[in-house]
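Asks: Quick one: the structure is below, questions incoming.
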There are 2 protein chains.
Amino acid sequence: MSKNPLNDLGSSLGDYLREQRQSAKLSLRQLSELAGVSNPYLSQIERGLKRPSAEILQQLAKGLEVSAESLYVKAGILDEDTVTERPRSDVRRAIAEDGQLTARQKATLLDVYESFVGTPAATPKTRRSTTSKAGTKTPQKEK
Amino acid sequence: MSKNPLNDLGSSLGDYLREQRQSAKLSLRQLSELAGVSNPYLSQIERGLKRPSAEILQQLAKGLEVSAESLYVKAGILDEDTVTERPRSDVRRAIAEDGQLTARQKATLLDVYESFVGTPAATPKTRRSTTSKAGTKTPQKEK
DNA sequence: GCATTCTGCTAACTAGAGCAAGCACAATGG
DNA sequence: CCATTGTGCTTGCTCTAGTTAGCAGAATGC
């Protein structure tokens, strides 16, 4: 199924885009016009030769009438869990994801909370409550 | 001829980043090391001179221990509605629904939280976008 | 037959993200 | 007093995202 033998760049996104475009009965030029990107570039994106920025993905999503988030997930810049998952309200998580608190305030607040309910006992080492898993599939190439 | 060489590239993101970094008591170099980006670049991002990609934002989020989504919103590549709409990761709500805290503890915790972010003066935000963003994707694009 | 107009793709180029090296200044402390 | 180490910032460079111009082939019609 992997039609890309050694295409190092993420291909799932390109495949998905081409799929969406074709099922929408749009040509490369049509979509490129709709999305406001050049058609050769779109072609290269679909074949996995270039990695589009979030801005471009946004425009493509608009042209394709799909949610930008779904493209972000495919592009690996958004974790699928953060989109689909619907966690019960968890104080720790809510604190971690809060947009107004500073990092220090978060630490303080979490401290207070855990002074009440205790720290997660099952974890001997201080388990980092990272906001997103981050380490899942982020193939950064160090060069 | 308005000399506007260094156009302010929407420095709200930069301001936010610097704010977060400083309240986390991190120097430019410390955070840049943590996030795996160069320190001059981070400096330029914070001053709004450069516009970081989503990948960089992801790494910065990890280093700052904030959610990547919040940075995306600040950077303008994610709509705030799409974030606030989902799990409703609201600290107040999470505290209220917590099963372990006593009522008194809840009041205390909420007090601390509001000492940080302030009490909700008016309506926080009730605006709901009307467009279909129901699930993750709704590609009804059959012609 | 040959023009036209689609389709997607290649080539060459420009702009800007992101980097390493190094600068100026403040605070330590020997 | 000067050496060291910390802070943020400037310079100059590389690499790639994203562009415009143009190419080869499949369908139309004349």
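The values are calculated or read from the model by the stated rules, or taken from the named source; none is laboratory data. What you see is a predicted model, and the numbers here were worked out from it, not measured in a lab. Cβ atoms come from the backbone with ideal geometry, glycine included; neighbour counts cover every protein chain shown. Ligands, DNA and RNA are excluded from the accessible area calculation, which covers all protein heavy atoms including side chains. Shrake-Rupley method; radii C 1.70, N 1.55, O 1.52, S 1.80 Å.
Asks: If the label for residue B:119 sits 7 angstrom from Cα along the Cα-to-Cβ line, what are its distances to the same label in every other copy, in nm to one decimal, shortest first?
Replies: Label point to label point, same position, other copies: 3.4 nm.
Asks: In addition: Please give, to one decimal in nm, the separation of the simple spin-label points placed at residue B:117 and residue B:23, each 7 Å out from Cα toward the Cβ.
Replies: 1.0 nm
Asks: OK, next. Using a 10 Å cut-off around each Cβ of peptide A:16-28, what is the average number of partner chain Cβ atoms that fall inside? Intermediate results must be reported in sequence, preceding the final value.
Replies: Values: counts 0, 0, 0, 0, 3, 1, 0, 3, 4, 3, 2, 0, 0.
Neighbouring Cβ atoms belonging to other protein chains average 1 per residue here.
Asks: Then there's this: Can you give me the % of accessible surface on segment A:7-56 that is carbon or sulfur? Probe 1.4 Å, all protein chains present, nothing else counted. Don't skip to the answer; put the middle values down first.
Replies: Numbers: 1270 of 2670 Å².
Carbon with sulfur: 48 percent of the solvent-accessible area.
Asks: Taking a ≥ b ≥ c as the square roots of the Cα gyration tensor eigenvalues, with a/c under 1.5 meaning rounded and otherwise prolate when a/b beats b/c, else oblate, which class fits segment B:12-78?
Replies: Values: a/c = 1.39, a/b = 1.26, b/c = 1.11.
Judged from the Cα gyration tensor, segment B:12-78 comes out rounded (a/c under 1.5).
Asks: If DNA, RNA and ligands are ignored and the probe is 1.4 Å, what is the ranking of A:15, A:111 by accessible area, most exposed first? Show your work: numbers first, answer last.
Replies: Details: A:15 60, A:111 105 Å².
Accessible-area ranking of A:15, A:111, largest first: A:111, A:15.
Asks: Within 10 Å of each Cβ in peptide B:93-100, how many partner chain Cβ atoms are there on average? Round it to a whole number, please.
Replies: Other-chain Cβ atoms within 10 Å of each residue's Cβ, averaged: 5.
Asks: If we sort B:69-80, B:39-50, A:25-36 on the protection proxy, mean other Cβ atoms within 10 Å, highest first, what's the order?
Replies: So the order, starting with the most tightly packed, is B:69-80, B:39-50, A:25-36.
Asks: What does the average come to when, for each residue of peptide B:65-78, you count the partner chain Cβ atoms lying within 10 Å of its Cβ?
Replies: 6
Asks: What percent does the relative contact order of segment B:12-78 come to when contacts are Cα pairs within less than 8 Å and at least six residues apart?
Replies: 36 percent
Asks: Next question. Mind grabbing the interface size between B and A? I mean buried accessible area, both sides, 1.4 Å probe, in Å² to the nearest hundred.
Replies: Using a 1.4 Å probe on protein heavy atoms, the buried area is about 4300 Å².
Asks: Here's something else I'd like to know. Sort shortest first the distances from residue B:38 to its counterpart in every other copy, using label points 7 Å along the Cα-to-beta-carbon line, and give them in nm.
Replies: With the label placed 7 Å along Cα→Cβ, residue B:38 yields 2.6 nm.
Asks: Between residue B:12 and residue B:44, how many nm apart are label points set 7 Å from Cα along the C-beta direction?
Replies: So the two model labels end up 2.4 nm from each other.
Asks: Would you mind listing the distances between the residue A:22 label point and the same position in each other copy? Use 7 Å along Cα-to-C-beta, nm, one decimal, shortest first.
Replies: 5.4
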